[in-house]
Structure formats: structure tokens, C-alpha cells
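Peer 1: Would you mind keeping the following structure in view while I ask a few things?
The values are calculated or read from the model by the stated rules, or taken from the named source; none is laboratory data. Just so we're clear, the structure is a prediction, and the values are computed from it rather than from any experiment. Backbone-built Cβ (ideal geometry, glycine too); neighbour counts: all protein chains shown. Accessible surface is based on the protein model in full, side chains and every heavy atom, while ligands, DNA and RNA are left aside. Shrake-Rupley method; radii C 1.70, N 1.55, O 1.52, S 1.80 Å.
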Amino acid sequence: MDRQHIRNFAIIAHIDHGKSTLSDRLLELTGALSAREMQGQEQVLDAMDLERERGITIKAHCVRMNYTARDGETYQLNLIDTPGHVDFSYEVSRALASCEGTLLVVDATQGVEAQTLANSYLAINHGLEIIPVINKIDLQSADVERTKEMIEGAVGLDASEALLISAKTGQGVPEVLEAIVKKIPPPKGSADARLQALIFDSWFDSYRGVGVLTRVFQGTLRRKQKIRLWSNAKVFEVEVLGVQSPKPVEVDELVAGEVGFIFANLKNVADTKIGDTITDDERPAIEPLPGFEELKPMVFAGMYTVDAHEHTMLREALEKLRLNDSSFFFEPESSVALGFGFRCGFLGLLHMDIIQQRLEREFNLDLITTAPGVRFRVTKADGEVMEVDNPSKWPPQGEIQKIEEPIILATIISREEYVGAIFKLVEEKRGKQKNFEYLSGGRVMLSYELPLNEIVLDFYDKLKSVSRGYASLDYHFAGYWESEMVKLDILVAGDAVDALSIIVHREFAYERGRALVSKMRELIPRQMFEVAIQAAIGAKVIARETVGAMRKNVLAKCYGGDITRKRKLLEKQKAGKRRMKRIGKVDIPQEAFLAVLRVGEE
Amino acid sequence: MALGVYISVPFCRTKCSFCNFASDVVSRAVHTRYVERVCVDIESADRLAAEMGATFTPEVASIYLGGGTPTVLEPANLERIFGTVRNQFRVCPDAEVTVECAPGTLTPPMLASLGRCGVNRVSLGVQSFVDRESASVGRLHTRAIVLDDLARLRAAGIANISIDLIAGLPHQTPESWEYSLAETIATGVPHVSVYMLEVDEDSRLGRELIAGGTRYHAHFVPDDDATADLYLQACDRLNAAGVHHYEISNFARDAQPGAVDRPITRSPDRPIGDYPRFASRHNLKYWTRQPYLGFGVDAHSMLLAESQPARATMEREISEYLEHAPNFGGGRDSQEANFYARRGLESVRFATPDSLEAYLAGKRHERTDVTYADALEEAHFLGLRLNRGLRARELGERYGPEAATVFREQIAELRTLGLVELDDGATRLTSRGRLLSNEVFLRFLHGAGEVRAGEKAGPV
């Protein structure tokens, strides 16, 4: 199809503002899926159970629809569905880079939220045409005027021509298709130029290897073509070219302006980096497409199986998930308390949560995750700079010259009445205010610099709780701060329990230490001797509790010579001891560690 | 070796809230049916032993009628049981014949009946001399009833009396406990058992303690530390009064104070060469692994295996055990499994079902094979219960020359922990070790467990 009849667009929306429902309506109206096919299968694009449940898109998709407009012409509409969470902002930016325009869907009963705002700014920066769409106008509580004001005030877009729709009832949806055709410009580029195609997602298919979603900017992708990946110069032969409509349909070529998928005998998802450029091996492009970044994990945690025998299963499961997601990393780690496990790095908390849930559901593993942390930049006294994402690798305090911790710039949108509580929370989390703005409709927008280490613990839950669920949060990485971080160890009878060590700001060390120590005291069974539980920074003990020595464990009666009963009782006790983890000379049930780690999650 | 015979009478007038035995309150007709069944079993003891691959000499040194509350039986039923035992076995003239009694059940006909049965020892379930404490766990008697029972037993010629006490009853305090101990000592009975209240799911009080309820006074139960202190208090008081500690829960005198005109006092550091004269001879059979036969519900027997392996085989086993023992710590590895598969049997234990229905329905005995290795472990964890301690020479005589060295490392560790002490050739628990005896005993288990008949092929 000639470029003039192609429209590539995305949909920006906050969770539950109606993106998936609108997608369904568009598929239905363009005949890509019949109403019958849609029946009983809402939110066609969110294929994973987790996506449907949480109302978020984890993997990107793209769907081609053919639409005959009111001008009588038939257009090829490519909907590029983007992941909907701040952890995936890079993927979102690559998906947006593949479009010429986007729909900005805002719930008329809720207004603009922080993520919508962040993604809208991304779209503006990419020079995309943005079409404001106000959804859910059929609801009683819909306030179209206020929503328009917010779009104008917060996003800075003219909302006078915003489309008013109800994706649920279908009202106004045909106008959305018309607006896509009329307002979004056709793609540029030439089918004859040297090939430049952008990878905006990839996935693993157990039959065909790695599939790549790509947008062709220049040139043409053909079957049997030898292609080269810019970042690693690896060469592959295209085996399958296709588009999803939404069922996969094979095509012979994808020309400049088009979006589709390829299989090229790729085995490893890590080879297909999001944002990378595909070019022709024989006639390569002069330069890659702009905006490519290597993704770096930001949040780190240890993952262990509750049952030590499942360790191999965990490794296999992690390897399988990595086939589909090259953005998380893992390496073997071992802990005295928890046995063998893996140190894992994630893009963010949601990403970590998703990986953990997929491991538990799809692989049926019972997991324990240590307190999440970040990667610190530590300058040692001898000038060496090291990146530390694991408390066990923290250098001794005396060798440290300077510690820098990653900082994020957080944007919070909330109702005015919760501002006080949010201020307090953000201060507690060592935040520095950057901006404060009143939006229309009693909303405020706050910008803060915050240490990521504070966010990973419980910030999001606390924010939701102090704002009764009304605050929305978006953040992006914003550099490093020098900070007074310390390693807090929990010692049981003088031996450090590795799984419980955390890197914490000096100001919070005492409070965290107290909490951990008193929790451990409740959970450690009495031993044959008195056991001290201490929280310490280096050699300095900052909190202490004691578990008194066990006094009594005796079977007094003789039970009429029932030696078997005595034996069974002793064997049961002995088996109980075997299941315990030994820290120094203290036996601690694994449940104690699990409970303490779970406390940290609250 | 002469046998101990145990007969279980699983009936009570009421069920105490701390009780975790298989006892119940049922009708007289059931009593008679039960006694008939017990008598049939006693009569077929020879056949049963043969079936179990065990052997015994039909000579009886002790008879113990335990409960429940045996004295709820009609005298006729009681006499039937004893008659059957005496017909079936050769009961030694000086045999210890004990009946457990609940205070307040010793009616004149019952006392007369005990006399006809040849009962020469009574174990009285007093639990406490503080009426409120007894009542709180569902006991029907009072201090006055206990004192009256003692007087009538003595008048009937039964002076060898044991009193059971429980440390850790609801409402108990060090002061009230002191009172119960003083009262017990003042009665002059030659034997006292002190049990600590056990909290498990098999008793109503235990279930309530675990669940945190109040109906059975669980909220008034002293905690573990307080109960441990009560136990130590009892050891001190009883030892000081000449009621010598000879087993974790048992104390006995060397003479009846009534027999001499002054109270007997002994210094607590008296060397323990042997058991006090009034130690329970029946219960000693359990702790020293002497053969015993049990009849009735939830009754346990231990007899020597029929085909004893040659002495050489036994010694080889023990040295193999010794060789492999260091590797046994972690669990059942293949080496361990092989070792256990080749073993021969030292003795056999068998038990009747623990429910009255299953027993009356004729459910079969459950058998447990005891290899030499098992026997050696048991010799340790049973023998250490006794204050007399373990003697290397005696272990060697019975289980082979290397028997005393098998657990050398464990004993060394236990000494460092202050749970076990060594003196004049005996290894014995310290006072702390007695309170933590399970911690001690589980070190003598190598974890392979026992092979139940039918689970694994073994020489039967």
C-alpha cells in the first residue's frame, strides 16, 4: 500500500481508562474481528492472564486494520499497543517512535493521571500528532468540561476538538477512526532507500524462535533477505514476514511506513534489543535510527525457592522467562539462611512483581524474595568506583569514600486534600521538591526528586494509602545523589544473617534495625543457650533483643512402655531440627526468615 | 528374664482435661466385654509371641494394672483378670503387683478385692493437694479424700503406695506447689511420681492451651519456665526428704518411714549406686529394656526376638554401625539404607490398637522390629532417664564391646552443653539435662527410623 494510505498510531491511557475496550471497538468496526469473534473475549490484545487481571499491557502488540473512510478511500491503520507502566517507559518510547500519532484517552470521570501525562510528554517530544479522546461520557459522573480543562492545563493540548466517546457503548467511536485518518500524518520514507527498521518488541516462540515487532522507516524488508542488527552486527536471514490483523498473516514484504513482525532464525531474545535498528547486510544504512539505549535493571532482589529442591526448577523457569524478556537479569547467589537462589535485576517494581507472579503461576514455584534494593555507586578510599546491587558485596565502611544512590524524578498527581499527607510521606522518604502546580478540578501535580531505594520499599503502597487511592505516580531515572548509606546487618548469636542485610540510609538504620530485631525475637525458637539478636552497622550494635535459653523439653510419662511413641516423638523433633537453617550454632526455622522478609514487604 | 505384665483399663468415671490416654467413660456391660477379651488375649500370649517372632519365659516379676482408672471395674472383673494372669504365668512370690487408683474409688469391697488379687502396691493419682487445682482439671477428689484413702490402704495392708503429682496445673504457684510437696512428704509414702503438664493436641486442656481458650483454665497454666522451676523445686524438696530421684519423673525412699520411729533424711549428694528400694520395679523394666507384655487397649509389649543372631553377627553389626555412624547425620542415604537392610533383630515390640472399638473388633497388633542398632539407641535414650546413668561395662556386656563408644561424640557434645556429666564410670543427665532430655535423646537417633513389619523384608 502506498504510504499516503498508512496511519501508524498508539493509544495513551491510564489503567482502566478504557484503552483495551476502545481497541476492541476499533477491531470490531474495521472488521478485523467480527462481533461474534469478539464475544466472550474482551480485551483481545491483552493475551496474558496477568495482563487481563491487572488491566495493564505488559508486552507490546501491533494490529493492522483496513478501514474504508468516509472519503471512500481504504486506509491501513496500524495500532501499536504499548506497555502501560512506568517500568517500561523505554519500551513505550520505542513504540511511540514507531508511530506518527496517538490517541490520548482520558476517563471523563477521573481526569488526567500521572502516567498519562508522562507518556503524553513522550509523544510530544517525538513530534506525534495527539488526538484527545474523552471516554466514558455515558457515565453519570462524567465531567467532560473539567476533563477538557485538565487536558489543556496539564498536558498543554488544545482540547476543544476532543472526541467524546463511550468505548463501552460504541458511541463516538466511528469519529475516532475518521480522526485517525484525517489528523495523523502518513509515514515518510522511501521503499527504495537503504533499510532502517526499528525493533520495538520481541518475544520467544518455541516453534519459530524469536519474533520481532518492527516498524520500517526506510527501505523494504523482504523474505530471504540477509539482515543485520546494528548493535551487535549479527546477520540473519528473514524467514517469515507478517502482520497481525490480529491473527497473524504472512506477507512478502514490509515497506517503509509499515509495521509487522519477522522471524529470522533468531534464537536469543537478548540479540534483539528494543530500540535497535535492522538494516540490510549487503546495502546497510549509513546510520542507525536514533534513541537506542541499552536497558539496565534498576531494582534488585534475591529470589529463592521455599523448597530447596526446587532450585533447579527456578533456574529453568528464569531461563525460560528470559527468553521472552531480555530486560531482567539473574545470576546465582547463595545465602546461609535461604540456600541457593538467584540475584535478579528488574526494570522496576512492577516488573519484579510480574516476574515473580509468572514464576509462581506458570511454573508453580513457591518463592521467597529478599527486600528489594537498588544499585549503588560506591567510591572506595583508593579511588576505585564499584557498582553494588547486593548487600553481601558492600565494602567495609572504612574503605568507603563516597556513596551515590540512584535518584528518580517522580511526578505525582493527586487531589488537593491529600497534599499534606503526600508532603509528609515524600519528606520521610528523603524527597526534594522540584515543582508544585495546581491543575483544574481540585487536582495538584507535584514533582519530586526521590532516592529510588526509598521507592522500592513501600512508597507506592503508602502513597496510595495516604491519598485513599487517588494519587497516581510516574517516575524516571534522574541521576545520582551522594548519600550516607550504611549496611545494616542482623546478627544472631554474633553471626550475620546474610538474607536480612539491607542497605539503608543512616537516618533510618535505627528504626529498621529495631523492627527487624524485635520481629526476629518473636520468630526464633528458644535454643539450649541464650541467643542475642542484634542489629549492627559494621561493628557497632544499634539494637538488641535476647531470646532466653530453652528450659524444658521433656517427655515425663512412661506411657506403659510405649517406646515407639517416644521414638516417634524424638524423630519428629529431630526432623524439625533438620529442616531448620543453622546460623552459627543457632537453629532457625526457614519460616522465620520468610516471615521477616514478608514483614519488609508490608 | 522374668516378665513385666501390663494390663490397661481404659475406663474412667470422668475424663480429666489433661488426659491424653486412650481412656473413656463407658457402661458396665462394656467393662465386662472388655475384660473377657483381655482374658482371652492373656490366655493366647504364647501364640501371639510366636506370631510376632518373639519369645519369652512365662515367669512374671511385676504386674501393673494401669488406666484409665482400673478401680472403676467391678471387683469380679478385677479378680478375673488377676486370676487369668496367675493361671497363665508363673508369678513370683515377691512380685510387685500395682494397681492405679483414683482417690475416692477405694470402697471397702474394692479394697477387699485388691487384697484377694494379691495387690501389694497402689499408685494414687493425687495430682495436687490443693483442691482448687485438682478441680480445675476435672478431678473429683479432695485432699481429705486422699488422706482417708491412704489410711484405709495401710489398714488393708498396702503400705507400698505411690503418689502422682503434676507440676504446671492451672492456678499452681511455687507456694501452692510447696504445700503439695510438703503434704506428700508428710504422708510418708515411699514413692512419688512428678509429671510436668504436657501440652499436646491429645488432651482437652492441651488443645485449649494451643488455641488460647479458657474453658479448661488454660489461661491459668504456668508457662514453661515456671513449670521447669516447679519441677526443680520438687526434685530439691523430695531429695532432701529422702525421697530419692531415680528417674526423670520418679522418686522413691529406701525405707518406709513408718517402719522406723524417726523421719529418714539423707543428704542430697548421696552417691547413687543403685535404685532406691521402693523404686517401681515394673517401670524399671521399660527403662532397662527388660521384656514385658501388655494386654488391653493401647498396650505395649517388648520381647526378645525369637531367632537371636550369633554373638559374632551382633558384634559385626555394632562395628558396622560404628563405622557408618558419622555419615548418618544428614538423613537416609543409600549407605545407611543398605546397612539397615542387612541388620538382624534384637527384639520385637508390638502394640494393640489405641481405640476401644478397634480393639474389641479384633484389629491386629502393630509390630515394630528392633535391630541391634535400634536397641543400642534405645538403651541410651531410655537408660539415661535413670539417675543411675549408663555404665559402659553393662552396655558392653549386653550390646557388644564397642557399644559404649558408638555415641562418644554425641556424649562429648552433650557434656559441653552441660546436659550430661560423667562420674565413677556412669554417664548421667545433669539437672538441666533432665529438663531438656528430649534434646539429649534425639542425638541418639540416627534418623533412619524403624522398619515396620511388611514395609521392608527382614529376618522374621
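Peer 1: Would you confirm whether or not the range A:193-212 contains a residue that is touching a Leu at 6+ places or on another chain (Cβ under 6 Å), among the β-branched types (V, I, T) and open to solvent by less than 10 Å² (accessible area, probe 1.4 Å)?
Peer 2: Checking the range A:193-212: at least one residue is touching a Leu at 6+ places or on another chain (Cβ under 6 Å), among the β-branched types (V, I, T) and open to solvent by less than 10 Å² (accessible area, probe 1.4 Å).
Peer 1: Working only within the range A:276-299, note down all residues that are in a loop (DSSP other than H, G, I, E, B) and crowded, with 22+ Cβ neighbours inside 10 Å. Give the derivation first.
Peer 2: At the first step, the residues of the range A:276-299 found to be in a loop (DSSP other than H, G, I, E, B) are A:276, A:281-298.
The answer is A:D276, A:L289, A:M298.
Peer 1: Give just the number: which of (1) touching a helix residue (DSSP H, G or I) at 6+ places or on another chain (Cβ under 6 Å); (2) at pLDDT 95 or above does A:T277 not satisfy?
Peer 2: Among (1) touching a helix residue (DSSP H, G or I) at 6+ places or on another chain (Cβ under 6 Å); (2) at pLDDT 95 or above, A:T277 violates only (1).
Peer 1: Report yes if A:R521 is of a type in the set (K, R), surrounded by fewer than 18 Cβ atoms within 10 Å (Cβ to Cβ) and either at the interface with chain B (Cβ under 8 Å from one of its Cβ atoms) or within 30 Å of B:A167 (Cβ to Cβ) (or both), otherwise no. Spell out how you get there, then give the answer.
Peer 2: Details: of a type in the set (K, R): yes; surrounded by fewer than 18 Cβ atoms within 10 Å (Cβ to Cβ): yes; either at the interface with chain B (Cβ under 8 Å from one of its Cβ atoms) or within 30 Å of B:A167 (Cβ to Cβ) (or both): yes.
Yes: the conditions hold for A:R521.
Peer 1: Please tell me if B:F441 is under 25 Å from the mean Cα position of the chain (by Cα), modelled with pLDDT of 90 or more and not hydroxyl-bearing (S, T, Y). Walk me through how you get there before you give the answer.
Peer 2: Values: under 25 Å from the mean Cα position of the chain (by Cα): yes; modelled with pLDDT of 90 or more: yes; not hydroxyl-bearing (S, T, Y): yes.
Against the criterion (under 25 Å from the mean Cα position of the chain (by Cα), modelled with pLDDT of 90 or more and not hydroxyl-bearing (S, T, Y)), B:F441 qualifies.
Peer 1: A follow-up question, please. Hey, could you check the range B:444-460 for residues that are touching a Gly at 6+ places or on another chain (Cβ under 8 Å) and open to solvent by 60 Å² or more (accessible area, probe 1.4 Å) and say which is modelled with the highest pLDDT?
Peer 2: Per the criteria, the residue is B:P459.
Peer 1: Looking only at strands (runs of 3 or more DSSP E) that lie completely in the range A:526-602, which have at least 1 residues being away from chain B (no Cβ under 12 Å) and open to solvent by 30 Å² or more (accessible area, probe 1.4 Å)? Step through it out loud before you land on a result.
Peer 2: On the way: elements: A:531-537, A:540-547, A:581-583, A:586-588.
Filter on the range A:526-602 gives A:531-537, A:540-547, A:581-583.
Peer 1: Now for a different question. If you take the residues in the range A:455-505 that are in a loop (DSSP other than H, G, I, E, B) and within 18 Å of A:F376 (Cα to Cα), which one is most open to solvent (accessible area, probe 1.4 Å)?
Peer 2: First, pick out the residues of the range A:455-505 that are in a loop (DSSP other than H, G, I, E, B): A:467-471, A:483-484, A:493-494, A:497, A:501.
Then drop every residue that is not within 18 Å of A:F376 (Cα to Cα), which leaves A:483-484, A:501.
Values: A:S483: 16, A:E484: 109, A:S501: 14 Å².
Filtering first and then ranking leaves A:E484.
Peer 1: Sticking with this one: Does the range B:42-61 contain any residue that is away from every other protein chain (no Cβ under 14 Å) and under 30 Å from B:V130 (Cα atoms)?
Peer 2: no
Peer 1: Which ones in the range A:195-222 are out of contact with any Phe, Trp or Tyr (no Cβ under 8 Å at 6 or more places or on another chain), part of a loop (DSSP other than H, G, I, E, B) and modelled with pLDDT under 95? Can you show your working first?
Peer 2: Let us first name the residues in the range A:195-222 that are out of contact with any Phe, Trp or Tyr (no Cβ under 8 Å at 6 or more places or on another chain), namely A:195, A:199-204, A:206-207, A:216-222.
Imposing the further condition that a residue be part of a loop (DSSP other than H, G, I, E, B) reduces the set to A:195, A:206-207, A:219.
Once the filter is applied, which keeps residues that are out of contact with any Phe, Trp or Tyr (no Cβ under 8 Å at 6 or more places or on another chain), part of a loop (DSSP other than H, G, I, E, B) and modelled with pLDDT under 95, the range A:195-222 yields A:S206, A:Y207.
Peer 1: Let me ask you something else. Could you tell me whether B:D46 is free of Cβ contacts under 8 Å to residues at least 40 places away in the same chain and acidic (D, E)? Full working, then the answer.
Peer 2: Values: free of Cβ contacts under 8 Å to residues at least 40 places away in the same chain: yes; acidic (D, E): yes.
Yes.
One line per residue, one yes/no per condition, for (1) hydrophobic (A, V, I, L, M, F, W, C); (2) part of a helix (DSSP H, G or I); (3) at pLDDT 95 or above:
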site	(1), (2), (3)
B:A22	yes, no, no
B:V30	yes, yes, no
B:L48	yes, yes, no
B:V60	yes, no, yes
B:T71	no, yes, no
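Peer 1: Yes or no: the range A:170-181 includes at least one residue that is assigned to a loop (DSSP other than H, G, I, E, B), over 19 Å from A:S440 (Cα atoms) and either in contact (Cβ under 8 Å) with a residue 24 or more places away in the chain or of a type outside the set (K, R) (or both).
Peer 2: Of the residues in the range A:170-181, the ones assigned to a loop (DSSP other than H, G, I, E, B) are A:170, A:172.
Applying the additional criterion that residues be over 19 Å from A:S440 (Cα atoms) yields A:170, A:172.
Next, from what is left, pick out any that are either in contact (Cβ under 8 Å) with a residue 24 or more places away in the chain or of a type outside the set (K, R) (or both): A:170, A:172.
Among the residues of the range A:170-181, at least one is assigned to a loop (DSSP other than H, G, I, E, B), over 19 Å from A:S440 (Cα atoms) and either in contact (Cβ under 8 Å) with a residue 24 or more places away in the chain or of a type outside the set (K, R) (or both), which makes the answer yes.
Peer 1: Considering only residues that are surrounded by 21 or more Cβ atoms within 10 Å (Cβ to Cβ) and either touching a Pro at 6+ places or on another chain (Cβ under 8 Å) or aromatic (F, W, Y) (or both), look in the range B:57-76 and name the one that is farthest from B:N160 (Cα to Cα).
Peer 2: Checked the range B:57-76; the qualifying residue farthest from B:N160 (Cα to Cα) is B:G68.
Peer 1: Between a residue in the range A:506-535 that is on the phi > 0 side of the Ramachandran plot and any residue that is open to solvent by 50 Å² or more (accessible area, probe 1.4 Å), which pairs come within a Cβ distance under 9 Å, given they are 6 or more apart or on different chains?
Peer 2: Hits for this filter: zero, empty list.
Peer 1: Just one of B:P190, B:P109, B:P103 is crowded, with 23+ Cβ neighbours inside 10 Å, at pLDDT below 95 and not β-branched (V, I, T); which is it?
Peer 2: Numbers: B:P190 fails: at pLDDT below 95; B:P109 fails: crowded, with 23+ Cβ neighbours inside 10 Å.
Criteria check complete, one pass: B:P103.
Peer 1: Return the only residue of B:S8, B:S17 being hydroxyl-bearing (S, T, Y), within 14 Å of chain A (Cβ to nearest Cβ) and closer than 30 Å to B:H217 by Cβ.
Peer 2: Working: B:S17 fails: within 14 Å of chain A (Cβ to nearest Cβ).
The conditions single out B:S8.
Peer 1: Further question on the same structure: With the checklist (1) in a strand (DSSP E or B); (2) open to solvent by less than 40 Å² (accessible area, probe 1.4 Å) in hand, flag the one item A:A317 doesn't pass.
Peer 2: With respect to (1) in a strand (DSSP E or B); (2) open to solvent by less than 40 Å² (accessible area, probe 1.4 Å), A:A317 is out only on (1).
Peer 1: Find the residue count for the range B:276-302, including only residues that are open to solvent by 10 Å² or more (accessible area, probe 1.4 Å), at the interface with another protein chain (Cβ under 7 Å from one of its Cβ atoms) and in contact with a Gly (Cβ under 7 Å, 6 or more places away or on another chain).
Peer 2: The qualifying residues number 1.
Peer 1: Right, here's the next one. In the range A:108-139, what count of residues is obtained for those that are of a type in the set (V, I, T) and in a helix (DSSP H, G or I)? Even if it seems obvious, please write down each step before you answer.
Peer 2: Filtering the range A:108-139 down to residues of a type in the set (V, I, T) leaves A:109, A:112, A:116, A:124, A:130-131, A:133-134, A:137.
Then keep just the ones that are in a helix (DSSP H, G or I); that gives A:116, A:124.
Here the count works out to 2.
Peer 1: From A:G127, A:G153, grab the single residue that is at pLDDT below 95, under 32 Å from the mean Cα position of the chain (by Cα), open to solvent by 20 Å² or more (accessible area, probe 1.4 Å) and on the phi > 0 side of the Ramachandran plot. Show your work before the answer.
Peer 2: Working: A:G153 fails: on the phi > 0 side of the Ramachandran plot.
Going through A:G127, A:G153 in turn, just one is at pLDDT below 95, under 32 Å from the mean Cα position of the chain (by Cα), open to solvent by 20 Å² or more (accessible area, probe 1.4 Å) and on the phi > 0 side of the Ramachandran plot: A:G127.
Peer 1: Take the residues in the range B:422-439 that are more than 21 Å from B:V194 (Cβ to Cβ) and buried (at least 17 other Cβ atoms within 10 Å of the Cβ); name whichever of them is nearest to the other protein chains (Cβ to nearest Cβ).
Peer 2: Filtering the range B:422-439 down to residues more than 21 Å from B:V194 (Cβ to Cβ) leaves B:422-427.
Then keep just the ones that are buried (at least 17 other Cβ atoms within 10 Å of the Cβ); that gives B:426-427.
On the way: B:A426: 20, B:T427: 18 Å.
Checking each candidate, the answer is B:T427.
Peer 1: Can we say B:E43 is touching a helix residue (DSSP H, G or I) at 6+ places or on another chain (Cβ under 9 Å) and acidic (D, E)? Outline the logic, then answer.
Peer 2: Numbers: touching a helix residue (DSSP H, G or I) at 6+ places or on another chain (Cβ under 9 Å): yes; acidic (D, E): yes.
Considered against the rule, which asks whether it is touching a helix residue (DSSP H, G or I) at 6+ places or on another chain (Cβ under 9 Å) and acidic (D, E), B:E43 comes out as yes.
Peer 1: Of the conditions (1) at pLDDT 90 or above; (2) within 14 Å of another protein chain (Cβ to nearest Cβ); (3) open to solvent by 30 Å² or more (accessible area, probe 1.4 Å), B:E79 clears all except one; give me its number.
Peer 2: Unmet for B:E79, out of (1) at pLDDT 90 or above; (2) within 14 Å of another protein chain (Cβ to nearest Cβ); (3) open to solvent by 30 Å² or more (accessible area, probe 1.4 Å): (2).
Peer 1: What single numbered condition from (1) modelled with pLDDT under 95; (2) out of contact with any His (no Cβ under 9 Å at 6 or more places or on another chain) fails to hold for B:N87?
Peer 2: Of the numbered conditions (1) modelled with pLDDT under 95; (2) out of contact with any His (no Cβ under 9 Å at 6 or more places or on another chain), the odd one out for B:N87 is (1).
Peer 1: Hey, can you tell me all the residues within the range B:209-249 that are assigned to a loop (DSSP other than H, G, I, E, B), among the aliphatic types (A, V, I, L, M) and within 10 Å of chain A (Cβ to nearest Cβ)? Break it down stepwise before answering.
Peer 2: Start the filter on the range B:209-249 by keeping residues that are assigned to a loop (DSSP other than H, G, I, E, B), which leaves B:212-217, B:221-223, B:241-243, B:248-249.
Right, trim to among the aliphatic types (A, V, I, L, M) and you get B:221, B:241, B:243, B:248.
The one that is assigned to a loop (DSSP other than H, G, I, E, B), among the aliphatic types (A, V, I, L, M) and within 10 Å of chain A (Cβ to nearest Cβ): B:I248.
Peer 1: Okay, moving on. Is at least one residue of the range A:473-484 more than 14 Å from chain B (Cβ to nearest Cβ) and under 21 Å from A:Q590 (Cβ atoms)?
Peer 2: The answer is no, given that none of the residues of the range A:473-484 is more than 14 Å from chain B (Cβ to nearest Cβ) and under 21 Å from A:Q590 (Cβ atoms).
Peer 1: Restricting to the range A:427-453, name every residue that is in contact with a Leu (Cβ under 9 Å, 6 or more places away or on another chain) and over 18 Å from A:E113 (Cβ atoms). Break it down into steps so the answer makes sense when it comes.
Peer 2: Here is the first cut: in the range A:427-453, the ones in contact with a Leu (Cβ under 9 Å, 6 or more places away or on another chain) are A:429-437, A:445, A:447-450.
Passing the criteria: A:K429, A:R430, A:G431, A:K432, A:Q433, A:K434, A:E449, A:L450.
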